[in-house]
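These notes are about the structure you will find just below.
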Amino acid sequence: MHGIEQAKADIALLDRLNGAADRLAALTTLQADIIAQQGLIYEQAAKARQDAAFAKFSTVDITDKTQDEHVIRSSFEVSYTTSSWDGRQSVPKRVTITGLLSMPDDLLGYLIERHPSKIPAKIAQLAADPYEAFERYFIGMKRGHLIGNAYDTNRAAQA
């Protein structure tokens, strides 16, 4: 009898192994679908957080106060309208700051994402991607000179 039980167990194992490839394919497809859904959920949550952060801004204007200067030596004035609580309600408040380094992070994101046309030309020409252009500008401000922009490339080609 022991041999018959072993044979039945072997047949059951064989049946499970024969269907394993199909189950693996189904589970792999299910896993890919779940990962795609999770990515979509994360993307939607990030968009909702960004929308909430940007909701407090309604306008932004940047004025180059020194148009004849190099971008590193330029002085920019940033004016934006934000929501401010006056004790009873949220009211629009116009804020003006000098220098791009003092801009709130949310405002920089708002400028790049919602109003890229208002990025000063001196900064926009540093890179095709607005985020990279601002990164080069901010790094250049810390170092005191720009690296890898069109000006440096053209100057190196002429040498």
Selected residue (criterion: farthest from PHE76 (Cα to Cα)) from residues of the range 122-140 that are assigned to a helix (DSSP H, G or I) and in contact (Cβ under 8 Å) with a residue 40 or more places away in the chain | GLY140
Quick one: is ALA45 of a type in the set (A, V, I, L, M), more than 25 Å from ARG136 (Cβ to Cβ), out of contact with any helix residue (DSSP H, G or I) (no Cβ under 7 Å at 6 or more places or on another chain) and modelled with pLDDT of 90 or more?
-> yes
One residue from GLN50, GLN38 being in a helix (DSSP H, G or I), surrounded by 12 or more Cβ atoms within 10 Å (Cβ to Cβ) and not assigned by TED's automatic domain parsing to the domain that holds ALA133 = GLN50
Residue pairs meeting the criteria (Cβ under 7 Å; at least 6 apart or on separate chains; first assigned to a helix (DSSP H, G or I), in the range 9-35; second surrounded by fewer than 10 Cβ atoms within 10 Å (Cβ to Cβ) and small (Gly, Ala, Ser)) = none
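Right, GLU132: of a type in the set (Asp, Glu), modelled with pLDDT of 90 or more and more than 24 Å from ALA48 (Cβ to Cβ) or not?
Considered against the rule, which asks whether it is of a type in the set (Asp, Glu), modelled with pLDDT of 90 or more and more than 24 Å from ALA48 (Cβ to Cβ), GLU132 comes out as yes.
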Quickly run through the range 98-123 and pick out the residues that are under 19 Å from GLU69 (Cβ atoms) and either surrounded by fewer than 17 Cβ atoms within 10 Å (Cβ to Cβ) or not assigned by TED's automatic domain parsing to the domain that holds THR59 (or both).
-> THR98, GLY99, LEU101, SER102, ALA121
For TYR110: the one exception among (1) closer than 21 Å to GLY144 by Cβ; (2) within 22 Å of the chain's Cα centre (by Cα) = (1)
Do you know which residues across the range 53-102 are modelled with pLDDT under 90, assigned to a strand (DSSP E or B) and among the small types (Gly, Ala, Ser)?
-> SER58, SER83, SER84, SER90
Hey, VAL91 hits all of (1) farther than 16 Å from TYR131 by Cβ; (2) of a type in the set (Val, Ile, Thr); (3) in contact with a helix residue (DSSP H, G or I) (Cβ under 6 Å, 6 or more places away or on another chain) but one; which does it fall short on?
-> (3)
Is it true that some residue in the range 142-150 is within 24 Å of THR82 (Cβ to Cβ) and aliphatic (A, V, I, L, M)?
-> no
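The values are calculated or read from the model by the stated rules, or taken from the named source; none is laboratory data. Note that the structure is a prediction, hence the values are computed from the model and not measured. Neighbour counts are summed over all protein chains in view; Cβ atoms, including those assigned to glycine, are modelled from backbone coordinates with ideal geometry.
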